[in-house]
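Scroll down for the structure; my scribbles are underneath it.
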Amino acid sequence: MNKKYSYIGISFIILLFGIYTVPKVVNHFKESGLHKFNKVPEFSFTNQEGKTITNKSYEGKVYVVEFFFSTCPTICPIMNQKMVTIQDAFFGNPEFGIASISITPEIDTPKILKEYAKNQGITHKNWHLLTGKSEEVIYELSNKGFKLYAGKGNEDHGGFEHSGLFALVDKNGFIRSRKDEFGNPMMYYRAIEEQGFPDQIKELKEDIKLLLNE
């Protein structure tokens, strides 16, 4: 057999192998390595502009979820100060969003939430302050859907209580998180310092970037 044609044949096989494997290598490096939890259940609320926002509004976006209320005298102001830094880090990115869901819908009307957004410096077009028709629906979403506690509380906390954690959701609607130093998935990110442990805003920003690149 002519050596010239043998070399051509071998080169052709190598070329085909490269074409087949390169996309797989590229896809491998696109994977973030963040743990995947359950998919966010369907929801439908009204935002600060009076528009209906659902989980489908966030399809194709990486977004952060919190539960809060505008009259909260304790952790909410701190949480939203931290959230503003996340907003600013990804400002103008159409693939990023935030969902701040009020646990006091009878108080937090769209008008109240719009004023709250103005006072808090909320300007990202995909940061929706959401309110619903009943506490029961919101508690169901918080406690069972996201597994983030929300409920009645004592007067020191404004009469209501909720988690001081942020949930990170990927473009396909799944809750995601990194693993802790012991290799266990965290599931959520601390928005405030708790029991001597620092907040995890830096880590959250890093993981948002990873998911945006998936």
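Report, ordered by the first and then the second residue, all pairs with beta carbons closer than 7 Å, sequence separation of six or more or different chains, a first member in the range 74-85 that is within 16 Å of Lys118 (Cβ to Cβ), and a second member that is open to solvent by 50 Å² or more (accessible area, probe 1.4 Å).
Between residues of the range 74-85 that are within 16 Å of Lys118 (Cβ to Cβ) and residues that are open to solvent by 50 Å² or more (accessible area, probe 1.4 Å), the close pairs are Asn80/Gln120; Val84/Gln120.
Identify all residues within the range 130-146 that are of a type outside the set (A, V, I, L, M, F, W, C) and part of a strand (DSSP E or B); write none if there are none.
Thr131
Give the residue, chosen from Phe166, Phe174, Phe146, that is within 16 Å of Phe43 (Cα to Cα), under 18 Å from the mean Cα position of the chain (by Cα) and surrounded by 21 or more Cβ atoms within 10 Å (Cβ to Cβ).
None of the others qualify; the one that does is Phe146.
Is it fair to say Phe182 is assigned by the TED database to the domain that holds Ser102, over 14 Å from Ile101 (Cα atoms), of a type in the set (Phe, Trp, Tyr) and at pLDDT below 95?
Taking the combined requirement at face value, the residue satisfies it.
If I filter the range 149-163 down to residues being assigned to a strand (DSSP E or B) and open to solvent by less than 60 Å² (accessible area, probe 1.4 Å), which single residue comes out as modelled with the highest pLDDT?
It comes out as Ala150.
Show the residue pairs meeting these rules: Cβ distance below 8 Å; 6+ apart or different chains; first residue within the range 44-61 and touching a residue at least 40 places away in the same chain (Cβ under 8 Å) and closer than 13 Å to Trp127 by Cα; second residue open to solvent by less than 50 Å² (accessible area, probe 1.4 Å) and part of a helix (DSSP H, G or I).
From the range 44-61, the pairs are Thr46/Pro110; Asn47/Pro110; Asn47/Leu113; Gln48/Pro110; Gln48/Leu113; Gln48/Tyr116; Gln48/Ala117; Glu49/Pro110.
Got at least one residue in the range 18-35 being assigned to a helix (DSSP H, G or I) and at pLDDT 95 or above?
There is no residue in the range 18-35 that is assigned to a helix (DSSP H, G or I) and at pLDDT 95 or above.
Which count do you get for residues in the range 177-214 that are of a type in the set (D, E, K, R) and open to solvent by less than 20 Å² (accessible area, probe 1.4 Å)?
Number of matching residues: 1.
Yes or no: the range 112-120 includes at least one residue that is of a type outside the set (Asp, Glu) and either touching a helix residue (DSSP H, G or I) at 6+ places or on another chain (Cβ under 7 Å) or modelled with pLDDT under 95 (or both).
yes
Pick from Thr85, Thr74, Thr104, Thr54: which is polar (S, T, N, Q), in the same structural domain as Ala167 (by the TED database) and open to solvent by less than 30 Å² (accessible area, probe 1.4 Å)?
Thr104
Checking Gln48 against (1) more than 15 Å from the chain's Cα centre (by Cα); (2) part of a loop (DSSP other than H, G, I, E, B); (3) modelled with pLDDT under 90, only one condition comes out false. Which one?
(3)
Being of a type in the set (A, V, I, L, M, F, W, C) and either modelled with pLDDT under 95 or open to solvent by 20 Å² or more (accessible area, probe 1.4 Å) (or both) is the requirement here; does Ile13 meet it?
Spelling it out, Ile13 is indeed of a type in the set (A, V, I, L, M, F, W, C) and either modelled with pLDDT under 95 or open to solvent by 20 Å² or more (accessible area, probe 1.4 Å) (or both).
The values are calculated or read from the model by the stated rules, or taken from the named source; none is laboratory data. Keep in mind it's a predicted model, so treat the numbers as computed, not measured. Backbone-built Cβ (ideal geometry, glycine too); neighbour counts: all protein chains shown. These accessible areas exclude ligands, DNA and RNA; they are computed on the full protein's heavy atoms, side chains included. Shrake-Rupley method; radii C 1.70, N 1.55, O 1.52, S 1.80 Å.
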